Amino acid sequence: MLPAIKICGIATTDALDAAIEARADYIGLVFFPPSPRHVDGHAASALAMRAGAGIGRVGLFVDADDSLISEGLKAGRLDALQLHGKETAQRVAEVRSRFGVPVWKAISVATARDMETAEAYRSAADLLLFDAKTPADAALPGGMGLRFDWSLLERWKGRPGWGLAGGLTPDNVGDAIALTRPPLVDTSSGVESAPGVKDPDRIRAFCKAARPAS
């Protein structure tokens with residue numbers, strides 16, 4: 001089966017329109033001020049209103065408190081919450097219970113040992129998003145165009161409830177899908193012309209490469 005597609009870090013109407021036109025399944029709205037892709041409540045609300053029922057909306061949060069999550073959930077009319085920080089499995093379960101929407105947990109991967117940590121989150125999260133681990137001194141937990149060794153995902157082939165992120169571009173997403181068979185692929189910097197600047201043509205190219213027969 002062809003994977004679902006998420007275009008993360010959407011912050012402009014041009015990028016949103018391109019994602020909808022290309023039939024992506026989700027956009028990601030980043031509620032994390034240090035990120036060049038950050039959107040405030042006003043911008044998130046405007047994007048959500050324009051999107052309507054045309055595409056799913058996932059809010060990305062990094063070690064956020066309940067107040068920020070609640071504000072983002074309402075402003076972006078979010079369909080799911082993506083926790084991309086150092087949240088524990090207990091915190092993930094609390095967020096899912098408190099807000100009543102699906103919760104995705106990003107798992108930072110560099111080695112096989114990192115993959116072992118994913119099992120602790122399986123019962124707490126609705127989806128595990130395997131992303132490349134950033135350097136310890138990096139200002140951002142993702143969106144840096146890094147990728148990890150996809151062969152580490154061998155044991156996850158055919159299992160539901162996970163997605164692949166980290167360095168995916170229009171040029172390599174087809175190979176990534178063929179090798180790992182993910183239920184979902186997620187890109188951000190891979191469809192940008194500069195950090196935080198989405199390129200509509202690259203969004204369309206990414207979606208076409210991920211689902212060439214659709």
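The values are calculated or read from the model by the stated rules, or taken from the named source; none is laboratory data. Computed from a prediction, not measured in an experiment: that's the story for all the values here. When we count neighbours, we look across all protein chains shown, and the Cβ atoms used for this are built from the backbone with ideal geometry, even at glycine. With ligands, DNA and RNA removed, areas are computed over all heavy atoms of the protein, side chains included. Shrake-Rupley method; radii C 1.70, N 1.55, O 1.52, S 1.80 Å.
The figures follow:
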item	result
Per residue solvent-accessible surface (Å²) - the chain, probe of 1.4 Å	45 Å²
Distance between modelled label sites at ARG155 and ASP126, nm, 7 Å Cα→Cβ extension	2.6 nm
In order through region 179-195: 3J(HN,Hα) via Karplus (6.51 cos²θ - 1.76 cosθ + 1.60), integer Hz, x for Gly, Pro	7, 10, 6, x, x, 8, 10, 9, 10, 9, 5, x, 10, 10, 9, 7, x
Diffusion coefficient, µm² s⁻¹, Stokes-Einstein with Kirkwood Rh over alpha-carbon pairs of region 1-93 at 10 °C and 1.306 mPa s	119 µm²/s
Amide H contacts of VAL109 (H built 1.01 Å from N, under 5 Å, at least 5 apart or other chain)	ASP131, ALA132, LYS133
Size of region 2-45 as Cα extents on the principal axes (Å, biggest first)	33, 18, 15
Most mobile listed residue (SER123, SER189, SER45) in the chain, GNM with C-alpha springs under 10 Å	SER123
Per-residue HN-Hα couplings for region 76-92 [Karplus 6.51, -1.76, 1.60; θ = phi - 60°; Hz; x = Gly/Pro]	x, 6, 6, 8, 7, 10, 10, 9, 10, x, 9, 4, 6, 4, 5, 5, 4
Listed residues ARG37, ARG113, ARG202, most fluctuating in the chain (Gaussian network, C-alpha, under 10 Å)	ARG113
Portion, in percent, of the accessible area of the chain that falls on carbon or sulfur, probe 1.4 Å	52 percent
For region 151-210 and region 54-115, distance of Cα centres in Å	19 Å
Stokes-Einstein diffusion coefficient of the chain, Kirkwood radius over Cα pairs, 10 °C, 1.306 mPa s, in µm²/s	94 µm²/s
